[in-house]
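Taken together, the values in this text are just the output of simple stated rules run on the coordinates, not laboratory data. The structure presented is a predicted model; accordingly, all values stated were derived computationally and were not measured. We place every Cβ from the backbone using ideal geometry, glycine too, and count neighbours over all the protein chains shown.
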Amino acid sequence: MGRLYLIRHGETDSNKSFRFQGQTDIELNEKGLAQAELLAEHFKTIRLDAVYSSSLTRARQTAAPLAAVHGLEVQPVEDIKEIAFGKWEGLTYNQINDAGLGQIDEFFKNPALCHVPGGENFTDVAARVEPFFKRCLAEMDEKDIAVVSHGGIIRVLLCLFLGVDLNKIWNFSVGNCSTTTLAKWRGYNTVLECTNETYYLR
């Protein structure tokens, strides 16, 4: 039985102030670095054969202690970077709304099709992450894998796995440094074992 652990990066200052980060390369804050250490401690006795990470710094900083406790190297993957938020990056919801920078309410109602100005929609994101996701599912026949990425990416992967409309992505809660686990049972059936686990952070 193989497992695929989908892990969101730890907290950043932009998370704390509810700013859209997207593909802006932001580091973890002090709390986020502490979360990454707690995550690694939690996984100390859990088998891992590979650790993949978004190429963005906040994800790689979260993945580094996790990989280190297993003597593994973090393998960066460009395709699992967060959704590109274009002109919204670095701004809060109210700033975007007040500046008239696109239909932000529509983005939350219809994320599959609503393009962020200068950025992506979640249909674009699904197209770029799906090949990597399929590769991970195939590797689960022999390996236990951690993938450290972003809230938007994990929500998209859950939609792809469950066959759910991408417009339902906001129905999934994905906290900072949370773990969502897929498990392959007896080599033929993959199940969603748990979502948004954060108990190890407490």
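Things to note:
- From the alpha carbon centroid of the stretch 40-109 to that of the stretch 145-161 is 10 Å.
- Listed from fewest to most Cβ neighbours within 10 Å, the set Thr45, Thr190, Thr180 follows the order Thr45, Thr190, Thr180.
- Ordering of 78-85, 8-15 by packing [mean C-beta count within 10 Å, highest first]: 8-15, 78-85
- Value of relative contact order over the stretch 21-100, rounded to a whole percent, pairs C-alpha under 8 Å and six or more apart: 37
- Inverse mean reciprocal Cα-Cα distance (Kirkwood Rh) of the stretch 43-142, Å: 15.8
- Summarising the label geometry, the points placed 7 Å from Cα in the beta-carbon direction at Met1 and Glu41 lie 2.7 nm from one another.
- Modelled label positions at Ala64 and Arg202, each set 7 Å beyond Cα in the direction of Cβ, lie 2.9 nm from each other.
- Average Cα contact separation per residue, the stretch 3-201, under 8 Å, 6 or more apart, as relative contact order %: 30
- Along each principal axis, Cα extent of the stretch 1-66, largest first, Å: 39, 21, 16
- The equivalent ellipsoid of the chain has semi-axes of 28, 20, 13 Å, largest first, where each one is the square root of 5 times an eigenvalue of the Cα gyration tensor.
- The stretch 100-202 - Kirkwood radius from inverse mean 1/r over Cα pairs (Å): 14.9
- Summarising the overall dimensions of the stretch 34-99 from its C-alpha atoms, the Rg and Dmax are 15.8, 49 angstrom.
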